[in-house]
Amino acid sequence: MQSVSYFPTETHFSKDWEDLQLAHLHNAEIEPAHTKDEVILDAIDRKDALKLAELARQSDGLLNAHLRAKAWPILMDHCHSLTDNEGFLSTLEVNDSEPHKDEDQVLLDIKRLFTILSHFNSFSHEVNSSYTTILSQEDVEAMRKRLYCLIVKVLRKYPCLHYYQGFHDVASIALMVCNDLEDHDDQAFAIVENLALYHLRDFMNPHMGLSINHLKLVPLILEQADPALFQLVRQTSSSYTATYGAFYDYKFFPALLALLTMYSHDVLSFNHVMRVWDFIFSFGAISVSAYIYASFILHSRAKICDELGVKDLEELSSADADLVHKIMSPTFLFAGVSEADLNSVLDKTASLISQWPLVSLFDSSEMANLWFREFNTESVVVTSSKFESDESDSSSVPRIISPSDLPKIVDIQEEQQTKESLYESELFQRAIEQDSLATSVNSLDGNSPSALSLSLLTNSLSNLTAVSSSINSRLSYTSSVILKKLSIQSEELKNNKPTRKETALSVRTNIYKLSLTIGLIGFLLHFLLKHSDVSQGYSSKSFYSLVRKFGTIFSNESFWNNRLVVQASKSAGDLMSAIKDSEFSNWGRYLPEVGLGSVRKSVFALEKMTL
Amino acid sequence: MSARKKTLLKVIVLGDLGVGKTSLMQQFVNKKFSHQYKATIGADFLTKDLTIDNKTVSLQIWDTAGQERFQSLGVAFYRGADCCVLCYDVTNEKSLNNLSSWKDEFLVQSNVSNPQDFPFIIIGNKIDVDESKKIPSLQKKLLNITNNQLGGLNYPLFETSAKDSINVETAFENVARMALQQEELNGASRNDMNDDYHDAINIHLENDNSGCAC
């Protein structure tokens, strides 16, 4: 029987598996196992996570769902062991604990979850699988119920985690993989709980901010691996175009779906998802997801060039941002991915990881250093990913989180995230102030025909509106946290006077809204007036139309339904008429400071409030 | 650049989760309906070519996520939109009441140049369901919302069924027509914003030549 193992004849043996067998030949200490599943089972019995990791990265991964259900928890436990699991499950019925606020959302998403049916049916055709029956509609319904219970259990155990659309896809995979086990629901719970705490925690914060930070890793990897592709991504990003290339925020939205769902949301076939998960777990780090995505983009380089209509990216002079979004999205990128494609993508990923581990990526740029070192020190990228590529480094062993610690961690994460987005909007603003100003002014300095400067003026104007409104929304986004805190404070102070609390809050909100509006007006005025010496007639005309426009916005009750704002708009009107009376040439000198100053001030004030 | 064959119109479809945004889009673009589309995550678009008033246009329809936490991403996707479709579910009153907040959110994040007369269109989906399940006195409530929350602006209103393909075509033809108007209104500045990352001056010269100053 042993001789068979030395000369494997089974056809499904992969190349690297044969290498492994040959290696065993020369290693008398290790008892040779017969087939790969026996080796895996053996590693499972010995709880040998390193061995399992090695096996998981081979071209057929951990073979089947049955083995995966047993191997994954070991791979995960290697990094983070969970305590008191059984205690929670045996003593706590789902009905006993407080409902989580997102449960309705979960229900809606699960109702629409198609994965279970389609995946299960693809599952049953697997050769060595024990799943032989194609599921009926009733079975699917039963699975949906179990999935709902599974997610709700996790949410109720950790009420500070927020559900996001896509988490249900992840949970459904865990449920299916464990389906064959006796204690399937408990096993699935353990996997999903582990994922939520150590891999997907960043995505389960109150806001999306930290999820976006994960997206930044993809261009960061591309920057090292393929500068031309990186250029394509960068030049079609909104931050880059809005600041004339002065600022790039690395937010790579096409990867959102794949990273949030760990490739499980209609992205890849079930068997491919299994392989990807084997691979991710073998590294014990969710950041591997981003490496895989980058690797997929590199793999699809030819397809991307085809779609853009060029032979090579160097030929490309411009590209449509929406088209680039499309071709960088999973639907295009992963269409028709074959087994061989996936293997080469994963091989490439492994070499990307060893060539540019996270540490070297963060060292490579000052900005990247901020994302997960300066800010977001509690991100899973830092706490439960191995920062070093060297696996024997014991200093990088992630710490274990207890359910009681989690709310604190989530709070810190949220706080750090707020600080980061404030900082980022400041960077963005500075980029606009300096570079956009410089470029538009410089281009006006040249003896260009007036028609040209006119179109430049309108262009810079429209660009600035874009920029200021995006700052506006960034600020309002970050401030929502602060406002929430304010409302809690005032609630404590004025418990017995709800009306005063409400007014206090609305006054604060409106002061804030107002300051942003003034900033916005300032921006626009500044840009009109800055160029007023070039095309006086035009700018004064648009100035009046602008004033009229703001007048209508202010007077529109549904928009600014507040006495305070109406008063302010009146005083703003006074200011404008005062300016109108004064010398025309003086406008440009004062107004820029007003506009930029007030935006800067509101950023500053917000910062102070958060400290 | 002046030789653009087709006019590209960007349309954003918004609305609460589960009102049928993906279904509407799939029905219109691919002429198919499935009872269960999975939740949309992030945003993606489908394109369809249409002929509107003897002009071929390419309608780029963006499907968006309905869950609230994804709303902050709008900035990345709404830019350069020519029309916005606000959807509600005729059996779900909350989705109706949220129309105005979707509209406001869109205006804040998309930064359109003419928020006052930017083309919005309202679609009430799922009219195929039983009368008993529909929102009671829907018309009254709808009128109330248009008058009090949508600033009395009479946005075109369509009641559709993505399932039975009722009115979907008509609604989107209307969307295309409105988007085309918007595109003609400020198409020039839109093009600038999309293409100007290499050399602002060159592109503007081209635009001057393309006869937009008529």
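The values are calculated or read from the model by the stated rules, or taken from the named source; none is laboratory data. Model, not experiment: these values are computed from the prediction. Here the Cβ is made from the backbone with ideal geometry for all residues, glycine too, and neighbour counts use every protein chain on show. Ligands, DNA and RNA are excluded from the accessible area calculation, which covers all protein heavy atoms including side chains. Shrake-Rupley method; radii C 1.70, N 1.55, O 1.52, S 1.80 Å.
Distance between the pseudo-spin-label points of A:Ser351 and B:Asn186 (7 Å out from Cα toward the beta carbon): 4.9 nm.
Potential lengthening of the chain between A:Arg301 and A:Thr377 amounts to 24.0 nm, from the contour at 0.36 nm per residue minus the alpha-carbon distance.
Annotation: extensible slack from A:Leu316 through A:Lys101 equals 72.5 nm (criterion: 0.36 nm per residue apart, minus Cα-Cα distance). Once all protein chains are placed together, A:Val140 keeps about 0 Å² accessible to a 1.4 angstrom probe. Backbone N atoms of segment B:125-156 closer than 20 Å to the 7 Å Cα→Cβ label point of A:Glu141 belong to residues B:130. Note on B:Asn144 and B:Gln116: with the Förster distance fixed at 25 Å, the Cβ-Cβ geometry gives a FRET efficiency of about 0.70. Beyond 19 Å between alpha-carbons counts as too far, so tell me which of B:Lys103/B:Lys141; B:Lys10/B:Lys32; A:Lys153/B:Lys94 fall in that bin. Exceeds cut-off: B:Lys10/B:Lys32; A:Lys153/B:Lys94. For the chain pair A and B, the interface hides roughly 4600 square angstrom of accessible area in total, found with a 1.4 Å probe.
When you filter the trypsin sites (Lys or Arg not before Pro) in segment B:29-132 for DSSP loop state and at most 13 other Cβ atoms inside 10 Å of their Cβ, you are left with B:Lys31, B:Lys32. The equivalent ellipsoid of segment B:7-198 has semi-axes of 26, 19, 16 Å, largest first, where each one is the square root of 5 times an eigenvalue of the Cα gyration tensor.
Buried on complex formation within segment A:308-331 (loss of at least 50 square angstrom of accessible surface versus the isolated chain, 1.4 Å probe, ligands and nucleic acids ignored): A:Asp322, A:His325, A:Lys326.
The length gained on full extension between A:Val359 and A:Ser269, counted as 0.36 nm times the residue separation minus their Cα-Cα distance, comes to 29.2 nm. Accessible surface of A:Cys149, taken over heavy atoms with a 1.4 Å probe and every protein chain present, rounds to 60 Å². FRET efficiency for the A:Leu50 to B:Asp104 pair, using the beta carbon distance and R₀ = 45 Å, is estimated at 0.25. Buried on complex formation within segment B:18-58 (loss of at least 20 square angstrom of accessible surface versus the isolated chain, 1.4 Å probe, ligands and nucleic acids ignored): B:Gly18, B:Gln36, B:Tyr37, B:Lys38, B:Ala39, B:Ile41, B:Asp44, B:Phe45. Spin-label model, A:Leu323/B:Glu173: points 7 Å from Cα along the beta carbon direction are separated by 3.0 nm.
Taking amide H positions as modeled 1.01 Å from N, with prolines and chain starts lacking one, the residues under 5 Å from B:Asp44 and 5 or more places away or on another chain are B:Asp63.
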